[in-house]
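Enquirer: Sharing a structure below in structure tokens format, with a few things to ask.
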Amino acid sequence: MSEPVIQVENVSKRFRLRGMGTRTFKSAALDLLLPGRAPTREFWALREVSFAVQAGETLGIIGANGAGKSTLLSLLARTRPPTSGRLATTGTVSSLLELGAGFHPDLTGRENVFLAGAVMGIPRRIMAERFASIVAFAGIPEFIDQPVKHYSSGMYVRLGFAVAVEVNPDILLIDEVLAVGDIAFQRKCLDKMEEFRQRGKTMLIISHDLATIQSISDRILLLDGGRVTGLGRPGEIVDRYKAVVRAQQAGAMRREWGSGEIRITGVDLRDRTGQARDRFAYGDLIEADVHYEARQRIENPVFGFSVATDGGMRIYGNNTQIEGHRIPEVEGRGTLHLSLGPHTLGPGTYLLSFSVHSADHRVNYHRVDHGFPILVEGDRPFEGSYMPVQWRGP
Amino acid sequence: MLALLKDVIQRRELLGILVGRNLKIRYKNSALGFFWSLLVPLFMIVIYAVFLHVMRFTTNLPMLVVGIITWQFMSMCLGDSLHAVVGNANLITKSAFPRIMLPLSTVLANFVNFLLSGFVLVVYLLVVRADFAHVAWLPLVMLTHLALATGIALLFSTANVFFRDTEHVVSMLLLAWFFLTPVIYSDAMVLDNTGFPPSLKALFFVNPMTGIITSYRMALMGWANPGWPYLLLSLVASLAVLLAGALLFQRCQDRFGDEL
């Protein structure tokens with residue numbers, strides 16, 4: 001194993017949020033005179049983040065918006081200081097926190113290239129040598145002496161990317177730039193990043209394009225609320241992140257209501273072997289333990305469930321009454337067991353709902369809609385629930 | 001302190017490019033370009049010459065011209081420095097480089113302009129046959145002026161990051177400073193005025209611009225009074241402002257990224 005070129009130790013970053021945007025003399029004076037007035041709110045964008053990156057490694061960074069990904073890169077790019085902790089980088093760092101950041105609209109492409117080089121500390125002589133390849137990579141030779149304000153947004157980002165990669169840094173920090181540009185340019189960027197990798201350069205990449213980041217990263221760092229919640233093999237971390245997103249999605253769709261004589265206190269999902277899980281393959285058996293609590297003795301309650309798509313469209317619903325499973329009475333805590341399957345769902349996210357109501361359907365004791373997400377994986381991407389099909393002709 | 005100086009020397013190429021950028025942007029898309037840095041002081045000179053004449057003040061045109069052109073450098077630096085950091089928020093939040101280059105480059109860009117208008121000024125003074133007997137002092141005067149301008153730019157570019165009120169304060173401050181400095185009058189008018197107590201006269205010379213503008217007149221117009229000690233006083237005051245500016249800037253520069 002080679003030496004780490006990036007070391008991040010216990011790094012935290014706090015932002016102070018003031019009531020109003022910019023500080024003014026008035027607010028400063030009032031803060032001094034009246035301490036305790038409108039307390040400045042604190043926001044920890046990063047909390048005790050530690051990791052190390054080896055030379056030649058590509059580290060992907062994923063997480064929801066606001067997880068601290070961009071803050072982390074800005075600390076590594078040294079545009080902001082950490083509140084506490086230590087960051088160390090070895091070698092030259094080029095950052096693509098925003099493509100074409102620092103380009104001045106009134107300057108020509110050529111002038112902006114040299115300005116960007118100088119900002120990064122690349123001697124003019126070296127920039128002059130690389131100028132031709134920058135223009136070639138950006139693919140805008142006929143516009144290079146035009147002010148960049150006349151550029152299309154695509155030309156702008158191409159030039160920005162070209163400058164950042166052609167300055168040949170040891171470490172390249174990339175923040176969500178794969179999302180811009182057309183397909184051809186994205187392909188070019190990916191090729192360039194692959195070439196970087198082969199030359200033993202270190203890259204840190206933020207992206208929401210999980211498939212791409214999984215394929216180009218050696219390891220992935222997962223951030224959630226400013227903390228590292230995962231660091232490891234790309235496939236494993238991406239799956240974990242997807243599970244988090246599913247749980248959040250379900251949280252947003254979740255609805256519960258009812259009169260409350262019986263409450264569904266929780267549902268544990270398991271596979272055939274009894275292992276807790278929320279990912280199933282096509283044809284798996286889905287085992288569910290439905291925990292309930294009855295505040296009083298209730299006779300003949302009916303427990304039901306339904307399966308809906310991630311958009312909330314119900315595709316299957318059933319209950320104990322329909323299936324002839326009679327429950328004479330319930331009182332206090334208890335668990336009902338449901339075996340569902342082998343299921344025939346196509347690949348995708350599904351939301352399970354559970355309910356309990358009276359035998360005559362008059363009283364809805366408790367209902368939890370879309371509260372339990374599952375992921376179905378399969379290589380045949382049909383939609384909905386599978387039914388045997390046979391095609392004939394023509 | 002030394003770190004700031006080291007940054008400047010190591011990254012002088014960036015400084016050069018930023019100075020060039022500032023100059024290019026200022027006159028981009030304007031038909032008269034650089035001539036505006038001559039036309040603005042020229043209009044000021046005409047306005048004040050006519051005003052002073054109408055108000056029956058005794059005045060002297062070369063003195064007014066030297067005063068306004070040298071004042072112009074200071075006022076432009078102060079005005080531009082407000083945006084030196086704030087106006088480059090996208091550079092600061094997205095790339096790491098010595099932040100001091102931003103205020104420094106606005107001062108130097110204005111200095112280049114000042115040198116060009118100074119060239120026109122010297123031609124004018126030759127035409128009116130000014131006395132260049134003490135011109136050897138000119139470099140020291142300009143150095144003092146530059147040190148003061150840099151110090152002021154560091155102070156105000158930093159202040160404007162944290163308090164946007166600075167812009168409004170500066171426009172009032174500039175107006176007051178203009179009249180407290182012998183730009184459209186001479187230092188002699190204050191010194192020879194028996195109505196002012198000596199303590200007030202001493203205060204007048206604590207303003208480093210008093211010594212600087214008076215020294216320009218000494219160097220370019222052969223004035224002998226009030227003598228070089230005033231320049232030294234200004235030099236000390238200017239270096240103190242420069243030191244204060246550098247210390248403030250160094251203390252605050254890490255927080256620019258978070259504030260912008």
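The values are calculated or read from the model by the stated rules, or taken from the named source; none is laboratory data. Nothing here was measured: the structure is a model prediction, and the numbers come from that model. No Cβ is skipped: glycine too gets one built from the backbone with ideal geometry, and neighbour counts run over all protein chains shown. When the accessible area is computed, the model is the full protein with side chains, heavy atoms only, and any ligands, DNA or RNA have been set aside. Shrake-Rupley method; radii C 1.70, N 1.55, O 1.52, S 1.80 Å.
Enquirer: If you take every residue apart from B:Phe256 with its C-beta less than 13 Å away from the C-beta of B:Phe256, what net charge results, scoring Lys and Arg +1 and Asp and Glu -1?
Expert: Result for the local shell: +3.
Enquirer: Now for a separate question. Take the alpha-carbon centre of segment B:43-72, take the same for segment A:150-191, and report the distance between them in whole Å.
Expert: 55
Enquirer: Which order do you get for A:Val167, A:Val389 if you rank them by accessible area with a 1.4 Å probe, largest at the top?
Expert: Result, largest first: A:Val389, A:Val167.
Enquirer: What are the residues whose amide H is under 5 Å from the amide H of B:Trp223, where those residues sit 5 or more places off or on another chain and H is modelled from the backbone?
Expert: Answer set, sorted by chain and number: B:Met218.
Enquirer: Given the protein chains as shown and a 1.4 Å probe, how many square angstrom of B:Thr59 are accessible, to the nearest 10?
Expert: Accessible area of B:Thr59: about 70 Å².
Enquirer: If I fit a long axis through the Cα atoms of helix A:234-253 and take the longest principal axis of the Cα atoms of chain A, what angle between them do I get, 0 to 90°, rounded to 10?
Expert: The angle comes out near 60 degrees.
Enquirer: Which of the residues in segment B:15-30 lose at least 50 Å² of accessible area when you go from the chain alone to all protein chains together (probe 1.4 Å)?
Expert: Residues meeting the cut-off: B:Ile17, B:Arg21, B:Ile25, B:Lys28.
Enquirer: For segment A:258-377, take every pair of Cα atoms, bin their distances at 5 Å starting from 0, and report each bin as a whole percent.
Expert: All Cα pairs, binned at 5 Å, distribute as 2, 11, 22, 24, 19, 12, 7, 2, 0 percent.
Enquirer: Express the carbon and sulfur contribution to the solvent-accessible surface of the protein assembly as shown as a percent, rounded to the nearest whole number, probe 1.4 angstrom.
Expert: Answer for the protein assembly as shown is 59 percent, counting heavy atoms of protein chains only.
Enquirer: Here is a further query. May I ask for the distance between the Cα centers of segment A:331-355 and segment A:374-394, given as a whole number of Å?
Expert: Computed from Cα coordinates, the inter-centre distance equals 21 Å.
Enquirer: Let me ask you something else. Please work out the Cα center distance from segment A:281-317 to segment B:176-230, rounded to the nearest Å.
Expert: 91
Enquirer: While we're here: Quick one: if you take sqrt(5λ) for each eigenvalue of the C-alpha gyration tensor of segment B:126-180, what semi-axes come out, biggest first, whole angstrom?
Expert: 33, 15, 7
Enquirer: Hey, another quick one. Rounded to the nearest whole Å³, what is the per residue volume of the convex hull around the Cα atoms of chain B?
Expert: In chain B, the Cα hull volume divided by residue count equals 144 Å³.
Enquirer: For A:Leu210, B:Leu116, B:Leu180, give me the order by solvent-accessible area with a 1.4 Å probe, most accessible first, ignoring ligands, DNA and RNA.
Expert: From most exposed to least exposed: B:Leu180, B:Leu116, A:Leu210.
Enquirer: To the nearest 10 square angstrom, what accessible area does A:Trp257 show with a 1.4 Å probe?
Expert: About 120 Å², rounded to the nearest 10.
Enquirer: Sticking with this one: Can you tally the net charge around A:Gly102? Count Lys and Arg as +1, Asp and Glu as -1, for every other residue whose Cβ sits under 11 Å from the Cβ of A:Gly102.
Expert: +1
Enquirer: Given an 8 Å cut-off on Cα distances and at least 6 residues of separation, report the relative contact order of chain A as a percent.
Expert: 15
Enquirer: Report the Stokes-Einstein translational diffusion coefficient (µm² s⁻¹, integer) for segment A:92-142, Rh taken as the Kirkwood radius over Cα pairs, at 4 °C with viscosity 1.567 mPa s.
Expert: 112
Enquirer: Rounded to two decimals, what ratio of Rg to Rh does segment A:188-258 give with C-alpha atoms and a Kirkwood Rh?
Expert: Result for segment A:188-258 is an Rg/Rh of 1.13.
Enquirer: Using the Karplus curve 6.51 cos²θ - 1.76 cosθ + 1.60 with θ = phi - 60°, what ³J(HN,Hα) values do you get for each residue of segment A:330-338, in whole Hz, with x for Gly and Pro?
Expert: 9, 7, x, 7, x, 9, 10, 10, 10
Enquirer: Classify segment A:334-394 from the C-alpha gyration tensor, please: rounded if a/c falls under 1.5, else prolate or oblate depending on whether a/b exceeds b/c.
Expert: It comes out prolate by the Cα gyration axes.
Enquirer: Can you tell me which lysines have their Cα less than 20 Å from the Cα of B:Lys28? Leave out same-chain residues fewer than eight positions away.
Expert: A:Lys149
Enquirer: Give me the three principal axis extents of segment A:120-215 from the C-alpha atoms, as integers in angstrom, largest value leading.
Expert: Cα spread of segment A:120-215 along its principal axes, largest to smallest: 39, 28, 18 Å.
Enquirer: Which value, in Å³ per residue, describes the convex hull spanned by the Cα atoms of segment B:25-101?
Expert: About 115 Å³ per residue, rounded to a whole number.
Enquirer: Using just the Cα positions, wrap the protein assembly as shown in a convex hull and report its mean projected area in square nanometres, one decimal place.
Expert: Its average projected convex-hull area is 45.2 nm².
Enquirer: Counting only heavy atoms of protein chains, what accessible area per residue, in Å², does segment A:245-358 have with a probe of 1.4 Å?
Expert: 52
Enquirer: Another question, if that's okay. Once the other residues with Cβ under 13 Å from the Cβ of A:Pro123 are scored (Lys, Arg +1; Asp, Glu -1), what is the net sum?
Expert: Every neighbour counted, the sum reads +3.
Enquirer: Using Cα pairs closer than 8 Å and at least 6 residues apart in sequence, work out the relative contact order for segment B:32-121, in percent.
Expert: Averaging sequence separation for qualifying contacts and normalising by length gives 35 percent for segment B:32-121.
Enquirer: Estimate the FRET efficiency between B:Val123 and A:Ser84 by the formula 1/(1 + (r/R0)^6), using the beta-carbon distance for r and 51 Å for R0, to the nearest 0.05.
Expert: The computed FRET efficiency comes out at 0.30.
Enquirer: Order A:Arg233, A:Arg14, most accessible first, counting only protein heavy atoms with a 1.4 angstrom probe.
Expert: Ranking A:Arg233, A:Arg14 by accessible area, largest first, yields A:Arg233, A:Arg14.
Enquirer: For chains A and B, what's the summed buried accessible area, probe 1.4 Å, to the nearest 100 square angstrom?
Expert: 2600
Enquirer: Against the 2.2 N^0.38 Å scaling, with N counting residues, where does segment A:272-330 land? I'd like the Cα-based Rg ratio to two decimal places.
Expert: 1.40
Enquirer: Further question on the same structure: Rounded to the nearest 500, what is the 222 nm mean residue ellipticity of chain A from helices alone, with -39500 (n - 2.57) per DSSP H run of 4+ residues and division by all residues?
Expert: Computed mean residue ellipticity for chain A: -8000 deg cm²/dmol.
Enquirer: Can you give the translational diffusion coefficient of segment A:4-246 in µm²/s, computed by Stokes-Einstein from the Kirkwood radius over Cα pairs at 10 °C and 1.306 mPa s?
Expert: 82
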